[in-house]
């Protein structure tokens, strides 16, 4: 039988994760203001415009506002504050 | 995903849309943020080059992950009542043991490969004895926290200590005297194993006395595998990046579609003795007698040339303007080339950098059509950030500068067997010229 040896684990320290609750949902989107956040990836603006059109046709009482962060991949506190202050919900796409 | 989670925390019901290849990654990020049930919807990959009609078909079609109508996922994601899991999220700790369970060498090697803890070349198993020997390369205590890394900006940062850097140095086959270099690289906060879909690699340039102290090669074959120090430092930086940041596993913590051969390791030293210019790290506020490492991300494009020959300007500008406009050039040149530039009046490195920045231009229509210029620079231009805002006002055929001087770097290296130069993509990261002396 081959000798057994002990070696170090090569990984770093993962941060502790604290559970967080989701925001309370609205019963429907009728009459609500929903921000459509364009994440600035290639062609995402075209996709989000199509999504806006879909909502206009299918839920006309729902108001949609397209909004973009200042930069891709970087948090934009001003944009986030605007969504929180004025929006009832948000759809983000397409990308991380 | 990160923004959606922030909005949820602020009380705004949110749903993030991704393409289906990111399903595992999106779930992983939500879980690591304590919201594993965060709402997500998926459309087929890709979006790029799809017409509005194609994208409308995605919207009116089926979510390729849930197999339910896409718009049903969206609407229910924002309106369905929350359950217990939604209300409490998920708290957990992930503590890795300092030592793995004892096993045979063959089994341990297999374990390291199964977990993507290697680069699939043979590794030196990090026994306690070997790691203790490695730690003799620094005066810093083994439990001192060195820094934090993550595979990309929207993922959680993992923390690591001196011992964990040493473990990865052992795995790469590095010697104890290289450890200060690796600690400096690890402390930079710049990963060599980004998860970017675009597959960039890490590039490191060493300056100062440490080059000669540890036997780095900056002569013949300077950027190739012709020195134990160059080879193992480059490899170790990649191994420590993936293992200390929480992984580099395809489909989860690595999404680079093409991958990058430079990810096996690309660290080299400047040939300061043969260069006619002051060392590169002096540009970043260090003294020539300081030892530093400067870390770049890039390696997705490369072009080469020889000279400067009679019409060198044309060739150099073709190479610079053929580069991806958002991604900075790292020019590597043999000392022969650098001296020929001195003969042409470029008696400082900065003068040549300034010439490149002033003359590398593209028609505005071509510049603004580049994907990353559209994605990353256009929003800044719209926000009024210069020089992008001015470039945005240019007429379609008007020439605009592709790079700013501070984005261009030149390194002199090589063994003077040929007047060769290359341009690699190499974006110097913010504050990423790091003292090695601080980690001795």
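To the nearest ten degrees, helix A:44-58 and the longest principal axis of the Cα atoms of chain A are 50 degrees apart. Region A:64-96 and region B:316-388 have Cα centres spaced 32 Å apart. Rounded to whole Å, give me the distance from the Cα center of region B:144-167 to that of region B:12-61. Going from one Cα centre to the other spans 29 Å.
Of B:242, B:40, B:327, the residue with the greatest mean-square motion in the GNM of chain B, using alpha carbon springs below 10 Å, is B:40. Neighbouring Cβ atoms from other chains, within 10 Å of the Cβ of residues in B:362-374, number 1 on average.
How tilted is helix A:77-86 with respect to the longest principal axis of chain A? Cα atoms for both, answer in degrees (0 to 90, nearest 10). That helix lies at roughly 50 degrees to the long axis. When the Gaussian network model of chain A links Cα atoms closer than 10 Å, the mean-square fluctuations of A:60, A:27, A:15 top out at A:15.
Here the Debye sum runs over all C-alpha atoms of region B:2-88 as equal scatterers in vacuum, and log10 of I(q)/I(0) at q = 0.10, 0.12 Å⁻¹ comes out as -0.26, -0.37.
Under the classification rounded if a/c is under 1.5, otherwise prolate if a/b is larger than b/c and oblate if not, where does chain B fall, given a ≥ b ≥ c as square roots of the Cα gyration tensor eigenvalues? Because a/c hits 1.5 or more and a/b fails to exceed b/c, chain B counts as oblate. From the Cα gyration tensor of region B:242-348, with a ≥ b ≥ c the square roots of its eigenvalues, which class applies: rounded if a/c is under 1.5, or else prolate if a/b is larger than b/c, or else oblate? Since a/c reaches 1.5 but b/c is at least a/b, the shape of region B:242-348 is classed as oblate. When each of B:237, B:368, B:421 is scored by the number of other beta-carbon atoms lying within 10 Å, the sequence from fewest to most is B:368, B:421, B:237.
In what sequence do B:181, A:84 fall when counting other Cβ within 10 Å, fewest first?
Starting with the residue having the fewest Cβ neighbours, the order is A:84, B:181.
Each part reduced to its alpha carbon centroid, region B:269-308 and region B:179-254 end up 15 Å apart. Ordering B:337, A:74 from the fewest to the most neighbouring beta carbons within 10 Å gives A:74, B:337. With springs connecting C-alpha atoms under 10 Å apart, model chain B as a Gaussian network and identify which of B:275, B:188, B:139 has the largest mean-square fluctuation. Top of the fluctuation ranking is B:139. Using a cutoff of 8 angstrom between alpha carbon atoms and counting only pairs six or more residues apart, the relative contact order for chain B works out to 16 percent.
Pull out a ≥ b ≥ c, the square roots of the eigenvalues of the alpha-carbon gyration tensor of region A:39-96, then state rounded if a/c is under 1.5, prolate if not and a/b is larger than b/c, and oblate in the remaining case. Taking the square roots of the gyration eigenvalues as a ≥ b ≥ c, region A:39-96 is oblate.
Counting only the Cα atoms, the protein assembly as shown fills a convex hull of 158 Å³ per residue.
Any read-out appearing in this document is the output of simple, stated calculations on the displayed coordinates, not a laboratory observation. Fair warning: this is a prediction, and the values are worked out from it, not measured in the lab. Here Cβ is always computed from backbone atoms with ideal geometry, including for glycine, and neighbour counts include all displayed protein chains.
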